[in-house]
Amino acid sequence: MRYSIRASARRCVLCIAIFATLTAAMVQAQSVGQTCELYGIVPIGDGEYALQNNVWGAETDQCVTHVPATGFVVDLAQHNNTGGQPAAYPSVWKGCHWEECTANSGMPIQVSQLDSADFSWSFTPITSGTWDAAPEAWFKRSAEPGDPDGAELMLWISHRGGIQPGGSQVATANIAGAQWEVWLGNPGWNFITYRRSQPATAIDVDLRDFIDDAIARGYIDPSWYLMDMEAGFELWQGGAGLQAGDMEFSVNSAGSTSSSSSSSSSGSSSSSSSSSSSSSSSSSSSSSSSSSGSGGAALVCSPGSINDWGSGFVLDSYTVTNSGSAGWTTGQCNWIFPTA
């Protein structure tokens, strides 16, 4: 089930207690620990991450269960794909996976504005089946969530069975202290795979290092947008018993991280990514307004830049600063979407 926040008017009222959870297309699904639906989704990590079953290359049965905080286990996988495409990619993601966006991810973010992208993940392998353990990032030519049209950057850290990445090997590279085979295909976008020469069960890297290598090879354009980061398993045959540990991903731009949200005392502020959809056709713009908070605090509300694509928009940040002498715990900011 999908849900998008549709603006029926230009005027938006953002309450401090809830504004950080607004997104362009908030992931909505039953908050249960397991899903067996082909494209079932379970929001996890306070909505900042999401677990997806993602059986996209077959119609065989598969179930995944959330393991706190942001891990999961494959409970059931009755796949038997031989060669060609995998049956499924059960995974956790943060950001915008096609039209579905998680909260407070800091994405989409333009590659040219990305200082670093810290990523860590681990998994527990099995000794049966045909599978890979492969985190990946998606890139689009615009910030509008939707079908990919830029690049898919995948990191094969381990695999089992007679499988190989899509496309063909074009090079080798030494990145993040390891040697990687570089593969390139094009199923409608640049499909870049870095396959680790020595398999591993854990990874802790700055994704920016791989992005820079892909840029140098002409596979990613700095004007494109990083849409999301995912971590999971491509499954061809079997796969039950594979377990993913916690995924952690944080994008950093201009010295700030992707998710920072806190109550403020005198002189401090909170900032978070927010987005919604609207019928406006106005271009990038910003405005600010002031409002009072509890206890006599003086709040200054400053929205960041707006990326508007006609049928929706992304508000990249919303900063609330307390310029008064008293602390605050609650308050309200009024924001008017700029007119065309």
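Of all the residues in the range 201-223, those that are open to solvent by 20 Å² or more (accessible area, probe 1.4 Å) and either more than 18 Å from GLY95 (Cβ to Cβ) or not acidic (Asp, Glu) (or both) number 15. Applying the criterion of at least 1 residues that are modelled with pLDDT of 95 or more, more than 21 Å from ARG217 (Cα to Cα) and of a type in the set (Val, Ile, Thr) to the strands (runs of 3 or more DSSP E) found wholly in the range 128-174 leaves 130-133. SER122 - would you say it is open to solvent by 30 Å² or more (accessible area, probe 1.4 Å), under 14 Å from PHE249 (Cβ atoms) and either touching a residue at least 24 places away in the same chain (Cβ under 8 Å) or not polar (S, T, N, Q) (or both)? Yes: the conditions hold for SER122.
Listed conditions (1) at pLDDT below 95; (2) open to solvent by 10 Å² or more (accessible area, probe 1.4 Å) are all met by THR23, apart from (2).
Scanning the range 46-77 for residues that are free of Cβ contacts under 8 Å to residues at least 40 places away in the same chain and either touching a helix residue (DSSP H, G or I) at 6+ places or on another chain (Cβ under 7 Å) or not in a strand (DSSP E or B) (or both) yields ASN53, VAL55, TRP56, GLY57, ALA58, GLU59, THR60, ASP61, PRO68. Output yes when any residue across the range 107-121 is in a loop (DSSP other than H, G, I, E, B) and in contact with a Phe, Trp or Tyr (Cβ under 7 Å, 6 or more places away or on another chain), and no when none is. The answer is yes, given that some residue of the range 107-121 is in a loop (DSSP other than H, G, I, E, B) and in contact with a Phe, Trp or Tyr (Cβ under 7 Å, 6 or more places away or on another chain). Remark: ASP212 falls outside the filter, which requires a residue to be of a type outside the set (A, V, I, L, M), closer than 18 Å to MET247 by Cβ and within 25 Å of the chain's Cα centre (by Cα).
If we scan the range 144-155, do we find a residue that is on the phi > 0 side of the Ramachandran plot, in contact (Cβ under 8 Å) with a residue 60 or more places away in the chain and open to solvent by less than 50 Å² (accessible area, probe 1.4 Å)? Among the residues of the range 144-155, not one is on the phi > 0 side of the Ramachandran plot, in contact (Cβ under 8 Å) with a residue 60 or more places away in the chain and open to solvent by less than 50 Å² (accessible area, probe 1.4 Å), which makes the answer no. Residues in the range 96-119 that are surrounded by fewer than 17 Cβ atoms within 10 Å (Cβ to Cβ), within 20 Å of ALA176 (Cα to Cα) and not charged (D, E, K, R): SER116 only.
Taking the conditions exactly as written (under 19 Å from GLY146 (Cα atoms) and either open to solvent by 30 Å² or more (accessible area, probe 1.4 Å) or modelled with pLDDT under 95 (or both)), does ALA69 satisfy them or not? Considered against the rule, which asks whether it is under 19 Å from GLY146 (Cα atoms) and either open to solvent by 30 Å² or more (accessible area, probe 1.4 Å) or modelled with pLDDT under 95 (or both), ALA69 comes out as no.
The values are calculated or read from the model by the stated rules, or taken from the named source; none is laboratory data. In this text the structure is predicted, and so the values were computed from the model without any measurement. For neighbour counting, all protein chains shown are included, and Cβ atoms are generated from backbone atoms with ideal geometry for every residue, glycine included. Only protein heavy atoms, including side chains, enter the accessible area calculation; ligands, DNA and RNA are left aside. Shrake-Rupley method; radii C 1.70, N 1.55, O 1.52, S 1.80 Å.
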